[in-house]
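The values are calculated or read from the model by the stated rules, or taken from the named source; none is laboratory data. Note that the structure is predicted; figures quoted are calculated from it, not measured. Here Cβ is always computed from backbone atoms with ideal geometry, including for glycine, and neighbour counts include all displayed protein chains.
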There are 2 protein chains.
Amino acid sequence: MNSYLDLIEAAIKKLQFKGHPKSLYDPANYMMSLGGKRIRPILTLMACKMFDGNIEKAMYPALAMEIFHNFSLVHDDFMDHAPLRRGKATVHTKWDVPTAILSGDLMLVLAYKVLSKSNDEKLADMLSLFNNTAIKVCEGQQLDMEFQHKNNISIQEYLDMIGLKTAALLAGCLKMGAVVAGASTKDAEYIYDFGYKLGISFQIQDDLLDSFGDAQTFGKSIGGDIVENKKTFLAIKARELATPAIRKKLDTLASETDYVRKVELILTIYEQLGIKHITKELSEKYYQDALKDLDSISTSDASKKELISLAEELLNRVR
Amino acid sequence: MNSYLDLIEAAIKKLQFKGHPKSLYDPANYMMSLGGKRIRPILTLMACKMFDGNIEKAMYPALAMEIFHNFSLVHDDFMDHAPLRRGKATVHTKWDVPTAILSGDLMLVLAYKVLSKSNDEKLADMLSLFNNTAIKVCEGQQLDMEFQHKNNISIQEYLDMIGLKTAALLAGCLKMGAVVAGASTKDAEYIYDFGYKLGISFQIQDDLLDSFGDAQTFGKSIGGDIVENKKTFLAIKARELATPAIRKKLDTLASETDYVRKVELILTIYEQLGIKHITKELSEKYYQDALKDLDSISTSDASKKELISLAEELLNRVR
């Protein structure tokens, strides 16, 4: 895993966007330098390797996916009024709002520019996959924004939203690697589906950890979603299962200003309703379904080991 | 000219972006339906025709340029706090800010998607031209934003900014048509330079008309730039030529709240300094230089007539 990360980090360092005005390029380089696990480009490289492709040929497409991901973070952070990203100031905070919009736009174009560097007979296919993935991410973010002003979101609506916003990008990254390696259409679809289900499993578990995780391992403070009344899987499921009396209590707690009390009382309700168990089970179900898709791929079992390890790391599983 | 416009309008009508959520796609279709002169896609079609290319093959690239242009308007209008665009509410006003950001992002991706429909051996060249043009437009808009907080902008800085923000897109549209038609590299460069200089000429004249034009023909109210203290060619040139006493007067007038008085007094200063004449001359110089580039292109004089007519219409010249 570390060797992939090293490859990606070295390539990002070499990338260094240069241009004028500096105020437009600095935020792009800043975002790319903030690090993170680089899951998305690693998925592209791993999928390429799995289908016995040339990893070097997958590097530009992998970088394009990572640049795209960072573009979406810049715009999302502004829309979410987030002050911090990976412990550092977000672009609209460190610079200003127009700079965040424009350097985000620039990054989206730069993602296409990097993708087109893989001057290859497969460019049209890669471009088409990239476009369709990017469109899904925009749709997912718009739904997420809409949900903030909407009550009674169903579990299905929620799953569709995280599918577009989170899972489609992971799936697209994997399929990108498959396309570069020249995998069959069927195999490319299987690896896409594997990534999509893995993404859903991951997001549901992320929701769970925000309420029931260990702050140290999770890396964020616990209960943040509850404090902000975020419509997570847990919150939606709880409203669905609650009796009228409990639902009323949840409504009242939404405006509770003593956050410690708020988190404590809502967690108690979640426990009563068995939310923790239900959430774990659904995340597990998506992961098992994902593994079935991986299993259907025509390559050897050995070729799939790396991806399974990465998936388990992503899901914070003890191996 | 009208036949090109009809072709473009028909193609835009057929385009109709469809997808979920509606709140993401409606603003994109709204922007595309607001009309305008469709100069950019017409330039692509005309350049293709001029080089004896197949106009049908140029349609997707032409539409991609128009979608890109509209994407940039959506984000610019938000950054400029503009309430109206072509007499209708801007996207961030009619919907909200996140919707303007996200539907703008979507339009940028859709521009690439439409471009990639021209499934052609020239896709890599078109993509590269599109990327480089889009990057320039982002750079130009960032410079324009920066200039708002900056004093003592030089004429050269101003020309570079409008070159990136306005002229590069017109130039890129023309070159796109040349690429589709398979023009020689040299001819493609000439038509790019023609478009670039035409764009500068146009923008300088647009600045002029905002202060000295006829409201009816110009289509906007006169003096808007002066009221907003916009750093136009006229304003920068006036500061450059002003004596210390007049410069002081201009500084004082910048905060004048009686707008009628403000416009009147600043126009008087412009007249004293001969700004109108200087501006006209520079616009004319760029137009003549543009025509020289057009003249250098290897096709027949007859093939260039349409483009010259369009250029003259753009520059509001009586033919």
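Summary table
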| quantity | calculated |
| --- | --- |
| Residue list for the stretch B:126-149, restricted to those being more than 7 Å from chain A (Cβ to nearest Cβ), in a helix (DSSP H, G or I) and among the polar types (S, T, N, Q) | B:Asn132, B:Thr133 |
| The one condition in (1) among the charged types (D, E, K, R); (2) closer than 17 Å to B:Lys285 by Cα; (3) surrounded by fewer than 23 Cβ atoms within 10 Å (Cβ to Cβ) that B:Lys197 fails to fulfil | (3) |
| Filter pass, A:Tyr60 being within 14 Å of chain B (Cβ to nearest Cβ), closer than 28 Å to A:Ile308 by Cα and more than 17 Å from the chain's Cα centre (by Cα) | yes |
| Close pairs (9 angstrom Cβ cut-off, 6 or more residues apart or separate chains): without any contact (Cβ under 8 Å) to a residue 60 or more places away in the chain and closer than 20 Å to A:Leu159 by Cβ in the stretch A:182-201, of a type in the set (S, T, N, Q) and not in a helix (DSSP H, G or I) anywhere | none |
| Any hit, the stretch A:99-108, residues being among the charged types (D, E, K, R), in a helix (DSSP H, G or I), closer than 20 Å to B:His75 by Cα and touching a strand residue (DSSP E or B) at 6+ places or on another chain (Cβ under 7 Å) | no |
| Residue within the stretch A:200-218 that is among the charged types (D, E, K, R) and farther than 16 Å from A:Lys280 by Cβ present | no |
| Any chance A:Lys37 is of a type in the set (D, E, K, R) and loosely packed, with under 15 Cβ neighbours inside 10 Å | yes |
| Failed item, numbered, when A:Tyr259 is tested on (1) surrounded by 15 or more Cβ atoms within 10 Å (Cβ to Cβ); (2) at negative phi; (3) not basic (Lys, Arg) | (1) |
| Matching residues, the stretch B:115-125, being over 20 Å from B:Ala171 (Cβ atoms), more than 8 Å from chain A (Cβ to nearest Cβ) and either part of a helix (DSSP H, G or I) or in contact (Cβ under 8 Å) with a residue 60 or more places away in the chain (or both) | B:Lys117, B:Asp120 |
| Only one of A:His81, A:His92 that is crowded, with 19+ Cβ neighbours inside 10 Å and out of contact with any Ser or Thr (no Cβ under 6 Å at 6 or more places or on another chain) | A:His92 |
| Within the stretch B:66-88, considering residues that are more than 14 Å from chain A (Cβ to nearest Cβ) and under 29 Å from B:Cys48 (Cα atoms), the one farthest from the chain's Cα centre (by Cα) | B:Arg86 |
| Restricting the stretch A:150-175 to residues that are farther than 28 Å from A:Ala242 by Cβ and small (Gly, Ala, Ser), the residue that is farthest from the other protein chains (Cβ to nearest Cβ) | A:Ala171 |
| Conditions (1) assigned to a helix (DSSP H, G or I); (2) free of Cβ contacts under 8 Å to residues at least 60 places away in the same chain; number of the one not met by A:Tyr158 | (2) |
| Subset tally (residues that are touching a residue at least 24 places away in the same chain (Cβ under 8 Å) and within 20 Å of B:Ala62 (Cβ to Cβ)) for the stretch B:129-146 | 7 |
| Any chance B:Lys231 is surrounded by 14 or more Cβ atoms within 10 Å (Cβ to Cβ), farther than 26 Å from B:Gly87 by Cβ and touching a residue at least 24 places away in the same chain (Cβ under 8 Å) | no |
| Scan of the stretch B:70-84 for residues that are in a loop (DSSP other than H, G, I, E, B) and in contact with a helix residue (DSSP H, G or I) (Cβ under 7 Å, 6 or more places away or on another chain), ordered by number | B:Pro83 |
| Criterion (modelled with pLDDT under 95, surrounded by fewer than 17 Cβ atoms within 10 Å (Cβ to Cβ) and on the phi < 0 side of the Ramachandran plot) met by exactly one of B:Lys220, B:Lys248, B:Lys292 | B:Lys220 |
| Total residues in the stretch A:89-110, condition more than 10 Å from chain B (Cβ to nearest Cβ), touching a residue at least 40 places away in the same chain (Cβ under 8 Å) and under 28 Å from B:Pro21 (Cβ atoms) | 1 |
| Selection status of B:Tyr4, closer than 14 Å to B:Leu106 by Cβ, crowded, with 17+ Cβ neighbours inside 10 Å, among the hydroxyl-bearing types (Ser, Thr, Tyr) and more than 14 Å from chain A (Cβ to nearest Cβ) | no |
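Table: residues versus (1) polar (S, T, N, Q); (2) within 19 Å of the chain's Cα centre (by Cα); (3) at pLDDT below 95; (4) part of a loop (DSSP other than H, G, I, E, B).
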{"site": "A:Tyr4", "(1), (2), (3), (4)": "no, yes, no, no"}
{"site": "A:Ala10", "(1), (2), (3), (4)": "no, no, no, no"}
{"site": "A:His20", "(1), (2), (3), (4)": "no, no, no, yes"}
{"site": "A:Asp26", "(1), (2), (3), (4)": "no, no, no, no"}
{"site": "A:Gly35", "(1), (2), (3), (4)": "no, yes, yes, yes"}
{"site": "A:Glu56", "(1), (2), (3), (4)": "no, no, no, no"}
